[in-house]
Each structure stands twice: as C-alpha cells, then as structure tokens.
1. When both residues are 6+ apart or on different chains and their Cβ atoms are under 9 Å apart, which pairs have a first residue that lies in the range 41-64 and is on the phi > 0 side of the Ramachandran plot, and a second that is assigned to a loop (DSSP other than H, G, I, E, B) and open to solvent by 10 Å² or more (accessible area, probe 1.4 Å)?
2. Scanning the range 9-33 for residues that are polar (S, T, N, Q) and surrounded by 12 or more Cβ atoms within 10 Å (Cβ to Cβ), which turns out nearest to THR78 (Cα to Cα)?
3. Every residue in the range 110-155 that is β-branched (Val, Ile, Thr), over 30 Å from THR53 (Cβ atoms) and open to solvent by 40 Å² or more (accessible area, probe 1.4 Å), please.
4. For the range 23-41, does any single residue satisfy the condition of being farther than 20 Å from GLU135 by Cα, assigned to a loop (DSSP other than H, G, I, E, B), basic (Lys, Arg) and modelled with pLDDT of 95 or more?
5. Kindly evaluate PHE54 against the criterion of being of a type in the set (Phe, Trp, Tyr) and open to solvent by less than 80 Å² (accessible area, probe 1.4 Å).
6. Just to be sure, is PHE47 open to solvent by 40 Å² or more (accessible area, probe 1.4 Å) and among the aromatic types (Phe, Trp, Tyr)?
7. Identify, by number, the condition in (1) surrounded by fewer than 19 Cβ atoms within 10 Å (Cβ to Cβ); (2) out of contact with any helix residue (DSSP H, G or I) (no Cβ under 7 Å at 6 or more places or on another chain); (3) more than 27 Å from ILE136 (Cα to Cα) that SER36 doesn't meet.
8. Out of (1) outside any loop (DSSP other than H, G, I, E, B); (2) within 19 Å of the chain's Cα centre (by Cα); (3) under 30 Å from PHE5 (Cα atoms), the odd one out for LYS146 is which?
Amino acid sequence: MTETFEVKLNELFDRLGESRIMVLATGDSSRISARSMSVVIYDNNFFFQTDRTFVKYRQLMMNKNAALCCENISVEGTAEEVGRPFENENFCRLYKKHFEGSYNAYSELENEVVFRFTPKLIKMWIYENGLPYVEIYDVENQTYEKIRQTIQKGE
C-alpha cells in the first residue's frame, strides 16, 4: 500500500467507526434490491448477518458483487458467506455491542449466516470551502485521489 492510500483509508475507516446502518444493494439476473442493514466494521471490511431464506441471500449466492452506502459514502465490493454468527467472535462482540436487539432476536436462529463484504472501490463526497469533491479509494489498486467536481449548465 502506498503511504498516502494507507493513511487515507485508515482515516476513512476511523470515521466510519465500528458500526453503521447501511443500505445493501444486491442483484441477480432479473432484479436489483436494496435494504437497510446493521453492519459492523473491522479489519477494513464490513460484516452483516442475514437469513438463508431471504432474497438478499439468494442474490448474493448468484452474484457476489454488491454495494453498500451510507450518508455520502458509497462502497462497491464483494460479499462472501463466512459462517454462522457464533462462529465469528469479532462479529458477535461488535454486533451485540451496537445492535443488541437484533443480536438477541436473530443471531441464534438456525438459518442466520454472516457475510464479509470486502470493498473494492469507495467514493466519498465532500465539500471544502463550499466546493464539491469526490474522494476515490481504489482498494484493489491501492490508490487514492481527490477530484474537484464541476457541474456543467444544463446537467
């Protein structure tokens, strides 16, 4: 990792913290769907749990490419099933800490599984001195850039 990329990525994950409610978008060959998810964040990855009988599970089994977003941050990446909640100690610790109601209601259910969402590309819109910029974190290529956005009349 380049020093600038590593520093900026760590700053971003520090800003995100240990948990967020994020919108997860998934799709298969016939439909795209999105829903709010309780997400915990560690090791520069995002983790969530879901039921094997849900649409999002079926879609992720067909197409591991997905997207997460919250506030002014959008994340493209891949999701991989990593086992049941209680097989993932860090996940359980953080999920219980930040989403205790969901943890208690769902984590022990037979069909619950955990997904690790690995980011490939993260974009964050920011404003500096009233001017719009987009920060681009290309995780796959380990590059960071900040680009001033301009809007053409008529757009």
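The values are calculated or read from the model by the stated rules, or taken from the named source; none is laboratory data. Note that this is a predicted model, so its numbers are computed, not measured. Using ideal geometry, Cβ is built from the backbone for each residue, glycine included, and neighbour counts are taken over all protein chains shown. These accessible areas exclude ligands, DNA and RNA; they are computed on the full protein's heavy atoms, side chains included. Shrake-Rupley method; radii C 1.70, N 1.55, O 1.52, S 1.80 Å.
1. ASN44/VAL139
2. THR26
3. THR143, ILE147, THR150, ILE151 - these are the residues of the range 110-155 that are β-branched (Val, Ile, Thr), over 30 Å from THR53 (Cβ atoms) and open to solvent by 40 Å² or more (accessible area, probe 1.4 Å).
4. no
5. Taking the combined requirement at face value, the residue does not satisfy it.
6. When the stated conditions are applied, PHE47 does not pass them.
7. In the conditions (1) surrounded by fewer than 19 Cβ atoms within 10 Å (Cβ to Cβ); (2) out of contact with any helix residue (DSSP H, G or I) (no Cβ under 7 Å at 6 or more places or on another chain); (3) more than 27 Å from ILE136 (Cα to Cα), SER36 misses (3) alone.
8. Of everything listed in (1) outside any loop (DSSP other than H, G, I, E, B); (2) within 19 Å of the chain's Cα centre (by Cα); (3) under 30 Å from PHE5 (Cα atoms), LYS146 misses just condition (2).
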